[in-house]
Amino acid sequence: MDKRQVVVIHGGETFDTYEQYLAMLESWEYDPYRAEYKDWKKRLPETLGEDFEVIAPSMPSKHNAKYKEWELWFRKVVPFLRDGVVLVGHSLGGLFLAKYLNENELPVRVSATHLVAAPFGTTDTVTTLADFDIPSILDKFEERGGRIRLYFSTDDPVVPFSELTRYQAALPSAHTSIFADRAHFNQEEFPEIVFEIANNV
């Protein structure tokens, strides 16, 4: 029997101009001694267990992401997908999945899509979303994304909690999980999403 399949799209940053990108690099605080850690996305193969196959493509230029480049790269993943796949997108990765499925039909059935701390628009976000912007109506995504679940934290310093309201308006059938202490969901453990994926809820 095939393992249950999960595809995880990580986050990233995007800029309207190359000058803005250079300014970000200029202000970057480099620390060669910073300890590496496995966040919850990297730990999913371990926490979900051997009944799951986790595919986590490294999307192009995550520090200066371009939607078209991510779209082309994700198409390399599509031929490996099986019916019942679960999609997980964190931050810009969540926005990417919403936009991609709103514009493209996958050749397989999606069981569920989990959007974690995903920005929606450019109105209140800390950084620009450039060509990742999505329309206010996401009916095609709602139709193609299976059971859609949204995860937001009220203390997120990157994506304002108000973005949840915009997703709820665009995706009336989506389920919501709200937290008060997860910031931008960069923690090592995320047991709630593991439970929901494992139990297909």
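Bear in mind these aren't lab numbers, they're just calculated from the coordinates by the rules spelled out. Just so it is clear, the model here is predicted, and its values are computed rather than measured. No Cβ is skipped: glycine too gets one built from the backbone with ideal geometry, and neighbour counts run over all protein chains shown.
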Spatially proximal aspartates and glutamates relative to K38 (Cα-Cα < 15 Å; intrachain offsets below 8 disregarded): E46, E188, E189
Inter-label distance for K3 and K68, nm, one decimal - labels placed 7 Å from Cα along Cα-to-Cβ: 3.6 nm
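Over the stretch 19-126, what number does the Rg to Rh ratio reach, with both radii from the alpha-carbon atoms and Rh per Kirkwood?
Values: Rg = 16.0 Å, Rh = 16.1 Å.
Ratio value, two decimals: 0.99.
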The stretch 1-53 and the stretch 142-197: distance between their alpha carbon centers, rounded to Å: 17 Å
Nonlocal amide H pairs with I9, under 5 Å, H built at 1.01 Å: V88, G89, H90
Size of electric dipole in the chain: Cβ of Lys, Arg +1 and of Asp, Glu -1, about Cα centre, debye, nearest 20: 640 debye
Segment V78-I178, length gained on full extension (0.36 nm per residue, minus Cα span): 33.0 nm
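May I ask for the Kirkwood hydrodynamic radius of the stretch 82-201, worked out over all distinct Cα pairs and given in angstroms to one decimal? Write down the numbers at each step before the final one.
Working: mean 1/r = 0.0699 Å⁻¹.
By the Kirkwood definition, the hydrodynamic radius is 14.3 Å.
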Restraint check, K66/K99; K3/K66; K3/K140, Cα-Cα greater than 22 Å: K3/K66; K3/K140
Value at 222 nm in deg cm²/dmol, rounded to 500, when DSSP H runs of n ≥ 4 in the chain each add -39,500 (n - 2.57): -9000 deg cm²/dmol
Histogram of C-alpha separations across the chain, 5 Å bin width, %: 1, 7, 16, 21, 21, 18, 10, 5, 2, 0, 0
Charge dipole magnitude, Cβ of K and R +1, D and E -1 - the stretch 1-89, Cα centre, debye nearest 20: 340 debye
Over the stretch 1-71, equivalent-ellipsoid semi-axes from the Cα gyration tensor in Å: 31, 18, 6
R0 of 30 Å, Cβ-Cβ distance S136-N199: FRET efficiency to nearest 0.05: 0.40
R147 long-range amide H proximity, modeled H, under 5 Å: A112, T113
